[in-house]
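Shown next, in structure tokens, is the structure this report addresses.
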Amino acid sequence: MSVIVIEFITLDGIVSDPDGSDGTPLGGWAFRHGPEAVAGDKFRLGRTLDDGVLLLGRATWQLFSRLWPGRDDPFAARMNAMPKLVASRTLTDTDTSAWTNSRVVEGDLVDAVKRERRDVVVTGSLSVVDRLRAADLVDEYRLLTFPTVLGAGRRLFPTDDGPHADLECLAAEQAGAAVLTRYRRAAR
């Protein structure tokens, strides 16, 4: 089992509001590069979409549950079929029925991830990423870096008292206007 974090990110490390749904003044930065920049399996998840589980925080799940069920392309079919775990203290399994194969994480998030036997893909959901990183559970980051500098917003790697991590670059490839980079935890 691996924990894979996937994020749209700017050159200065901002990951907040890539689609503009939060209504921030600079939101929508990833989508300004056209739909082909963000469509399909840009993160090269491949079989993990079929065999893994998607882990989302409440806000990301709520956004995705409004978008993905209405799409009918092949990638959307895989996203809709994929099992989804929702980290939330306020949603119930009844609430998550809006998006097929979704259920609320029972008990402690870190313990639930440690028990998981499938690869876990976390997208967006910075509070979830922060908790898993603090518990040293993130095995890989797949970052789609856009040629944008925002100067302000929530960063994937906060500059204040965040845990130290040594990473190893596995790959870097151009993906439209962006660059997909894959990093894994460096050998200890």
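The values are calculated or read from the model by the stated rules, or taken from the named source; none is laboratory data. Just so it is clear, the model here is predicted, and its values are computed rather than measured. In this analysis, Cβ positions are derived from the backbone assuming ideal geometry, glycine residues included, and neighbour counts consider all displayed protein chains. The protein model used for the area step is the full one, side chains on, heavy atoms only, and it has no ligands, DNA or RNA in it. Shrake-Rupley method; radii C 1.70, N 1.55, O 1.52, S 1.80 Å.
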Between a first residue in segment 29-58 that is in contact (Cβ under 8 Å) with a residue 24 or more places away in the chain and a second residue that is open to solvent by 70 Å² or more (accessible area, probe 1.4 Å) and among the hydrophobic types (A, V, I, L, M, F, W, C), which pairs have beta carbons less than 7 Å apart while being 6 or more apart in sequence or on different chains?
-> 38/31
Which members of segment 33-59 meet the condition of being assigned to a helix (DSSP H, G or I) and either touching a strand residue (DSSP E or B) at 6+ places or on another chain (Cβ under 7 Å) or of a type in the set (Gly, Ala, Ser) (or both)?
-> 33, 37, 48, 58, 59
Pairs only if they're at least six apart or on different chains, beta carbon under 7 angstrom, first in segment 94-117 and under 18 Å from residue 3 (Cα atoms), second open to solvent by 70 Å² or more (accessible area, probe 1.4 Å) and assigned to a helix (DSSP H, G or I); list them, first residue then second.
-> 109/131; 110/131
Determine if segment 68-81 includes at least one residue that is assigned to a loop (DSSP other than H, G, I, E, B) and surrounded by 15 or more Cβ atoms within 10 Å (Cβ to Cβ).
-> no
Does segment 120-136 hold any residues that are assigned to a loop (DSSP other than H, G, I, E, B) and crowded, with 20+ Cβ neighbours inside 10 Å, and which are they?
-> 124, 125
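Looking only at residues that are assigned to a loop (DSSP other than H, G, I, E, B) and of a type in the set (D, E, K, R) in segment 82-119, which one is nearest to the chain's Cα centre (by Cα)? Give the derivation first.
Quick first cut of segment 82-119, residues assigned to a loop (DSSP other than H, G, I, E, B) only: 82-83, 88-94, 99-101, 105-108, 116-119.
Of the ones still in play, those that are also of a type in the set (D, E, K, R) are 89, 93, 106, 108, 116-119.
Details: 89: 19, 93: 21, 106: 20, 108: 19, 116: 17, 117: 19, 118: 16, 119: 13 Å.
The residue in question is 119.
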Can you name the residue in segment 51-67 that is within 16 Å of the chain's Cα centre (by Cα) and surrounded by fewer than 17 Cβ atoms within 10 Å (Cβ to Cβ) and, of all such residues, is nearest to residue 132 (Cα to Cα)?
-> 59
Mind checking whether some residue in segment 60-67 is free of Cβ contacts under 8 Å to residues at least 12 places away in the same chain and hydrophobic (A, V, I, L, M, F, W, C)?
-> yes
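Every residue in segment 139-154 that is hydrophobic (A, V, I, L, M, F, W, C) and part of a strand (DSSP E or B), please.
Start the filter on segment 139-154 by keeping residues that are hydrophobic (A, V, I, L, M, F, W, C), which leaves 143-144, 146, 149-150, 152.
Once the filter is applied, which keeps residues that are hydrophobic (A, V, I, L, M, F, W, C) and part of a strand (DSSP E or B), segment 139-154 yields 143, 144, 146.
Can you tell me how many residues within segment 155-188 are in a loop (DSSP other than H, G, I, E, B), open to solvent by less than 60 Å² (accessible area, probe 1.4 Å) and under 22 Å from residue 27 (Cβ atoms)?
Qualifying residue count for the region: 4.
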Exactly one of 57, 20 is touching a Gly at 6+ places or on another chain (Cβ under 8 Å) and within 25 Å of residue 113 (Cα to Cα), and that residue is 57
Out of (1) part of a helix (DSSP H, G or I); (2) small (Gly, Ala, Ser); (3) over 17 Å from the mean Cα position of the chain (by Cα), the odd one out for residue 23 is which?
-> (1)
Looking at segment 1-26, which of its residues are among the hydrophobic types (A, V, I, L, M, F, W, C), in contact with a Leu (Cβ under 9 Å, 6 or more places away or on another chain) and within 30 Å of residue 51 (Cβ to Cβ)?
-> 3, 4, 5, 6, 8, 9, 15
Looking at residue 107, is it out of contact with any strand residue (DSSP E or B) (no Cβ under 9 Å at 6 or more places or on another chain), open to solvent by 30 Å² or more (accessible area, probe 1.4 Å) and on the phi > 0 side of the Ramachandran plot?
-> yes
